[in-house]
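This report refers to the structure that appears directly beneath it.
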Amino acid sequence: MSRKEYQKKVKQQRKSTHRRVELQLTIAEYKAFEKLAKKEKISVNTLVKNMAIAYRDTNYFVPSELKESLNQFSWLVRNIADNINQIAHRANLFEDIDEQMVFTHLAELDKQVKDFIKAKVG
């Protein structure tokens with residue numbers, strides 16, 4: 001099988017699993033995507049694809065620099081909850097304090113942070 005025949009066969013197989021999509025952007029729109037893509041160190045095509053998939057899945061495209069900070073922040077919030085739980089078990093703290101109220105406040109903190117992020121990123 002020649003190289004040309006092989007490439008034709010691979011192309012035919014790929015057509016059964018992939019679909020090519022093209023779109024036209026104004027220069028200003030493209031430059032805006034290009035700026036974001038450079039920050040993310042990915043191509044414009046990959047950036048647009050990732051954003052489209054995130055939108056379809058009702059998620060939000062979060063820039064990588066923000067994602068690292070959010071992951072660290074989320075870890076810290078969970079760590080606070082773990083620490084409160086450990087203190088409660090050691091000191092029987094929840095005899096006088098409503099345990100559910102403490103964890104409700106932590107859950108509300110987490111929700112407020114996520115809402116803030118959606119407002120900024122979404």
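The values are calculated or read from the model by the stated rules, or taken from the named source; none is laboratory data. Values in this document were obtained by computation on a predicted structure and should not be read as measured data. Counting neighbours? That spans all protein chains shown, and the Cβs are built from the backbone with ideal geometry, glycine included.
Output the helices (runs of 4 or more DSSP H) that fall wholly within the stretch 1-83 and possess 3 or more residues being at pLDDT below 80 and surrounded by 12 or more Cβ atoms within 10 Å (Cβ to Cβ), or say none.
Numbers: elements: 3-15, 27-40, 44-56.
So the answer is none; nothing clears 3.
Regarding Leu47, is this residue farther than 14 Å from Lys118 by Cα, touching an Asp or Glu at 6+ places or on another chain (Cβ under 7 Å) and either in contact (Cβ under 8 Å) with a residue 12 or more places away in the chain or not hydroxyl-bearing (Ser, Thr, Tyr) (or both)?
On the way: farther than 14 Å from Lys118 by Cα: yes; touching an Asp or Glu at 6+ places or on another chain (Cβ under 7 Å): yes; either in contact (Cβ under 8 Å) with a residue 12 or more places away in the chain or not hydroxyl-bearing (Ser, Thr, Tyr) (or both): yes.
Yes.
Does Ala28 qualify as being aliphatic (A, V, I, L, M), under 30 Å from Lys67 (Cβ atoms) and in contact with a helix residue (DSSP H, G or I) (Cβ under 8 Å, 6 or more places away or on another chain)? Full working, then the answer.
Working: aliphatic (A, V, I, L, M): yes; under 30 Å from Lys67 (Cβ atoms): yes; in contact with a helix residue (DSSP H, G or I) (Cβ under 8 Å, 6 or more places away or on another chain): no.
No; evaluated as a whole, the condition is false for this residue.
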